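A short reminder: the numbers here are calculations on the coordinates, not readings from a lab. Here the structure is a predicted model, which means the values were calculated and not measured. For neighbour counting, all protein chains shown are included, and Cβ atoms are generated from backbone atoms with ideal geometry for every residue, glycine included.
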Amino acid sequence: MGLRNRAIFWFFVYGFLVFFPLFIAATTRPPGDRAAIVEISVACGFIGLAMLALEFALVSHLRPVALPFGMDALIQFHRELGTMALVFVLAHPILLFVNGLPVSTLNPFSGTPVTQLGSFALIAMLLIVGLSFGRKRLKFKYEYWQLTHGLLSVAAFAIAIWHMAQVDRYFSIPTMRGLWFLYAILLIGLLLYYRVALPIHMLRRPWVITENKPEAGASRTLTLKPEGHKGWSFSGGQFAWLTTMRSPFSIYHHPISMSSGGEMDMTGTIQFTIRDLGDWSGATVPKLQVGDKVWVDGPYGVFTIDNEQAQGFVLLGGGVGITPMRSIIHTMLQREDYRPIVLFFATNTADDLTFRDELDAIAARYDNIEVVYVLAGPPADWPGETGYVTREVLERHLPPQWARFMYFICGPEPMMDAMEKVLVEMGVPGDHVQTERFNMV
């Protein structure tokens, strides 16, 4: 089954699981009639709760699910669908208020057990989405937010199920009760896989640091070799989750693109290049020593040349977004794949050009590779492109057959948005453009 067919299959499975509670409710309705608006309210609650239960499947590193989409896309789906789930959950009490339910029932410390549980579940959902969108503004550390996010999600689902049990209308139907029990088992199973089974698998396959090298652009390159196992090869441009604590059970794990070539059997190692962005990248990574054990869960991602056929490739990297581009270039060289590559590398200053000497050497050696540097703040004697990567900059360097190339974009969000817009204006087909985004929340 191809990746597109797999994606369609998983979309169908997701939709089926989200709406299946409505099918049961419609075919096995309990006795007694209620206003249509009340039934619509219940339907909204069912949809929102089913979406909440399935949110875990999007971010639990399940390879069959991640493969057709890429983890970055699944993380974006997770965010958008989580917001949509909140909309459905909010519609549940709002429609009941329209039908005459007093707004005072939102007070979680008064009323009946039914209304109290519903209010607590709603508060948990609001906190889940609110903290996700406001984490950076609140300066809430990613690792602590991630733990809080998971705990609140489990609490919201459990309290909502308890709320339904207290209402005891549709929950009195054995089929409906069994379905929500299965959803609870699914949620628990995903949590056990993500927090227990996966770390155990990683624990048996440690990696050892062989070099921690400082790079230009306030970055460091970690070189790792497998200990007690063969490791794995990967497609240039993919990423892995890196845990640098003493145990893979730690909550501290970070998605990092590999920066080395993917044919590990040729090198025996993999590399990650990490820019100092504060917290873990600035405080922990520089202190890692040769011989330290780390834990790697990967590879993941569809940001790779292996999924599409193309006459050549245009790589648009900004800042630390150069790391997957370097990986793509080295992977192609390892495979003796000499299709043309044009790399546009945009940074603020010349000092931010990570791998500059290496890239210059590669471009000098291989006629099929061109490297174009674009500096926003160039020195007075800078001979290259300045400002930003614009349509005019692209057209000055792209070969005549540029329309048949694949385009890969990775960098700061504003740059990626601008590049996607420019490529559309130039007439590059949408399916010829791939992006890598890791805006977690």
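List of remarks:
- Most simply put, the chain has about 50% antiparallel DSSP beta bridges, counting only bridges with both residues inside it.
- With Cα atoms, 0 to 90° folded angle of helix 174-192 axis to the chain main axis: 30
- Global form of the stretch 327-441, assessed from the alpha-carbon gyration tensor, a/c cut-off 1.5: rounded
- Under a model in which nothing but the beta-carbon of Lys, Arg (+1) and Asp, Glu (-1) is charged, the stretch 3-202 shows a dipole of about 480 debye around its Cα centre.
- Positive-end extreme of charge dipole, the stretch 3-202 - chosen from Ala25, Ser172, Leu54 (charges on Cβ): Leu54
- Residue-wise HN-Hα couplings along the stretch 139-146, as the Karplus relation 6.51 cos²θ - 1.76 cosθ + 1.60 with θ = phi - 60° gives them from phi, are 6, 8, 4, 4, 5, 6, 4, 4 Hz; Gly and Pro carry x.
- Pairs exceeding 22 Å between alpha-carbon atoms, taken from Lys230/Lys287; Lys213/Lys293; Lys136/Lys287; Lys136/Lys213; Lys136/Lys225: Lys230/Lys287; Lys136/Lys287; Lys136/Lys213; Lys136/Lys225.
- With q set to 0.17, 0.19 Å⁻¹, the log10 of I(q)/I(0) for the stretch 350-411, from the Debye formula over equal scatterers at the Cα positions, is -0.73, -0.92.
- Cα lying deepest toward the dipole's positive end in the chain, options Ser110, Gly384, Ile274, charges on Cβ: Ser110
- Most tightly packed first, judged by the mean number of other beta-carbon atoms within 10 Å of their residues, the peptides 158-169, 134-145, 233-244 read 233-244, 158-169, 134-145.
- Rounded to whole numbers, the Karplus 3J(HN,Hα) couplings from phi for the stretch 392-404 are 5, 5, 4, 5, 6, 10, 6, x, x, 8, 4, 5, 9 Hz, using 6.51 cos²θ - 1.76 cosθ + 1.60 with θ = phi - 60°, and x at Gly and Pro.
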